[in-house]
Amino acid sequence: MIDLKEHRNIHCIGIGGVGLSAIAEILISRGYNVSGSDMNESEITERLKESGAVIYNNHRKENVENADLIIYSAAIAEENPEIVRARERKLPLASRAEILGVLMDEYKGSIAISGTHGKTTTTSMVSLVLEAAKLDPTILVGGQLAEIGGNVKVGKSDYFVTEACEYRDSFLELRPNIEVILNIDSDHLDYFKDIDHIVNSFEKFAMNVPGDGKIIAYDSNPFVSEVIRGRKNVVTYGYNESSDFVIKDVRFDEAGMPSFRVRHKGTETPVHLAVPGEHNILNSVAAFACCVTIGAGEEITGETLGHYKGTQRRFDIVGITKEGIKIVDDYAHHPTEIKATLSAAHNIPHKRLWILFQPHTYTRTLALFHQFADAFVQADILILADIYAAREKDIYNVSSKKLAEEIRCGHRNKDVYYMDSFEKIRDFVISNAEKGDLVITMGAGDIYKVGTMIMEEEA
């Protein structure tokens, strides 16, 4: 295990990413000399420069000459010239997840939010409650949270809250005192062999919680139930009357926002959310159970959850055009997430629902091809953009055009289009959308740009 006390000059490869940039900020706050490299300039890299980091907008071997420890993000390949040079110099190398684990070990109240879906939202909710309860946590969140001015906040207490990503088993580097398991679903099948492999990883993760720690778990997910079976340190939440935190009397207001009560040990706490969807009910109750378990009061927890407005790219309202068309952006990129977002959208008043979807990675699109084909039932008009490759090469014989054809075959009454440029999508929406329509850009890539393009054209 890396001992940070033995190092002073730390270089971060891929420092512009949400996860590694947060680690860099914490290290800077502790007095380390931090440098980093990323191919793209961004608000994140500019903020790091202002904090004192040296940023290189390239990947060159010369960048690591003054470093005595290298931290790299999951997206960095072995042939990266900085990795190669570090190995030549026999410098210690550590993944972002490994360093996160080292940092978390220093906090008695470490909280890790895991699950296939909902991590960023739930982490944000927990963070805001702890802030409201004056517990002054250190926060690492996988999105931009307006209340903390970004994706990281360095606190002064023993509380540390972060997302725990299962991709490549990176969460196994973490040893939290409190672990939240939101759900378990098939994803990241470029790494995991199947759902059994995923469940096995979550079981290992659960074993990282000490005996005096707690696992907060959604007990209606069958795979989560499998993970927590037989464990003594589990707190459950959900709709089951046997759960420790029970969701009661769900209603939706005229704007599509849910209200409900949470019953715990005979007390019922009302919650009214400012974010839509059944999935956010579950996210918020996971946060409620977590915060109450560590000592935040039920009243302040329920009240704070009602003030949560969402993170960037989670049902983020971009604007309303002069023609009266509402533009929303959402990060959903898995069939389960897509269905949840569409369900939430249908509780919001609108005329027609447009989905502008950009699949994320060839491997995910191929592995979940048929699930994607059935995920858009609630959309009135669906436009598919080209697959966002991320770290992958186009070698999988799958495409958005093929997915569009599959959807048309299974849903012949649905308007489904494939378009090979954002400009074409923008022009089609502007020409055909009507007053009262709801248009959602959807995906984990850069499809959000289309919403901005529509708003600019309609300004």
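The values are calculated or read from the model by the stated rules, or taken from the named source; none is laboratory data. In this text the structure is predicted, and so the values were computed from the model without any measurement. For neighbour counting, all protein chains shown are included, and Cβ atoms are generated from backbone atoms with ideal geometry for every residue, glycine included.
Does residue 93 meet the test of being surrounded by 24 or more Cβ atoms within 10 Å (Cβ to Cβ), at pLDDT 95 or above and among the hydrophobic types (A, V, I, L, M, F, W, C)?
no
List the pairs whose first member sits in the stretch 285-313 and is at negative phi, whose second member is small (Gly, Ala, Ser) and surrounded by fewer than 24 Cβ atoms within 10 Å (Cβ to Cβ), and whose Cβ atoms are under 6 Å apart, counting only residues at least 6 apart or on separate chains?
Close Cβ pairs (under 6 Å, with a partner that is small (Gly, Ala, Ser) and surrounded by fewer than 24 Cβ atoms within 10 Å (Cβ to Cβ)) amount to 296/133; 300/132; 300/133; 304/132; 309/274; 311/143; 312/143.
What pairs come out if I take residues in the stretch 329-358 that are assigned by TED's automatic domain parsing to the domain that holds residue 424 and closer than 17 Å to residue 184 by Cβ and pair them with residues that are surrounded by 22 or more Cβ atoms within 10 Å (Cβ to Cβ) and aromatic (Phe, Trp, Tyr) whose C-beta lies under 6 Å away, six or more apart or interchain?
These pairs meet every condition: 335/372.
Does the stretch 408-431 hold any residues that are of a type outside the set (Ser, Thr, Tyr) and touching a strand residue (DSSP E or B) at 6+ places or on another chain (Cβ under 8 Å), and which are they? Please lay out each step first, then the result.
First, the residues of the stretch 408-431 that are of a type outside the set (Ser, Thr, Tyr): 408-416, 419-420, 422-430.
Matches in the stretch 408-431: 408, 414, 415, 416, 419, 425, 428, 429.
Within the stretch 268-277, count every residue that is modelled with pLDDT of 95 or more and surrounded by fewer than 19 Cβ atoms within 10 Å (Cβ to Cβ).
Number of matching residues: 3.
Matching residues to (1) closer than 23 Å to residue 391 by Cα; (2) not in a loop (DSSP other than H, G, I, E, B):
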position	(1), (2)
405	no, yes
409	no, yes
444	yes, no
450	yes, yes
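Yes or no, residue by residue, for (1) in the same structural domain as residue 213 (by TED's automatic domain parsing); (2) in contact (Cβ under 8 Å) with a residue 40 or more places away in the chain; (3) farther than 30 Å from residue 283 by Cα; (4) not in a strand (DSSP E or B):
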{"residue": "25", "(1), (2), (3), (4)": "no, yes, no, yes"}
{"residue": "36", "(1), (2), (3), (4)": "no, no, yes, no"}
{"residue": "70", "(1), (2), (3), (4)": "no, yes, yes, no"}
{"residue": "76", "(1), (2), (3), (4)": "no, yes, yes, yes"}
{"residue": "90", "(1), (2), (3), (4)": "no, no, yes, yes"}
{"residue": "113", "(1), (2), (3), (4)": "yes, yes, no, no"}
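Okay, residues lined up against (1) of a type outside the set (Val, Ile, Thr); (2) under 30 Å from residue 160 (Cβ atoms):
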position	(1), (2)
295	yes, yes
303	yes, yes
312	yes, yes
317	no, no
330	yes, yes
350	yes, no
362	yes, no
367	yes, no
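Under the condition of being part of a strand (DSSP E or B) and closer than 21 Å to residue 434 by Cβ, which residue from the stretch 309-329 is nearest to the chain's Cα centre (by Cα)?
329
Matching residues to (1) among the acidic types (Asp, Glu); (2) touching a strand residue (DSSP E or B) at 6+ places or on another chain (Cβ under 9 Å); (3) within 24 Å of residue 45 (Cβ to Cβ):
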residue: 110; (1), (2), (3): no, yes, no
residue: 116; (1), (2), (3): no, no, no
residue: 126; (1), (2), (3): no, yes, no
residue: 155; (1), (2), (3): no, yes, yes
residue: 164; (1), (2), (3): no, yes, no
residue: 169; (1), (2), (3): yes, no, no
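crowded, with 16+ Cβ neighbours inside 10 Å, in a strand (DSSP E or B) and more than 23 Å from the chain's Cα centre (by Cα), is that true of residue 83?
no
Name the residue, out of 223, 245, that is of a type in the set (Phe, Trp, Tyr) and closer than 25 Å to residue 137 by Cα.
245
Of the numbered conditions (1) in a loop (DSSP other than H, G, I, E, B); (2) surrounded by fewer than 24 Cβ atoms within 10 Å (Cβ to Cβ), residue 306 fails exactly one; give the number of that condition.
Just one mismatch for residue 306, condition (1).
Spot the failing condition for residue 166; the list is (1) of a type in the set (Asp, Glu); (2) within 17 Å of the chain's Cα centre (by Cα); (3) closer than 24 Å to residue 37 by Cα, and only one is missed.
Unmet condition: (3).
Of the residues that make up the stretch 185-199, is at least one in contact with a Gly (Cβ under 9 Å, 6 or more places away or on another chain) and either modelled with pLDDT of 95 or more or of a type outside the set (A, V, I, L, M) (or both)? Steps first, answer last, please.
Step one: filter the stretch 185-199 for residues in contact with a Gly (Cβ under 9 Å, 6 or more places away or on another chain), giving 185.
Now drop any that are not either modelled with pLDDT of 95 or more or of a type outside the set (A, V, I, L, M) (or both), which leaves 185.
Yes; the residues of the stretch 185-199 include at least one that is in contact with a Gly (Cβ under 9 Å, 6 or more places away or on another chain) and either modelled with pLDDT of 95 or more or of a type outside the set (A, V, I, L, M) (or both).
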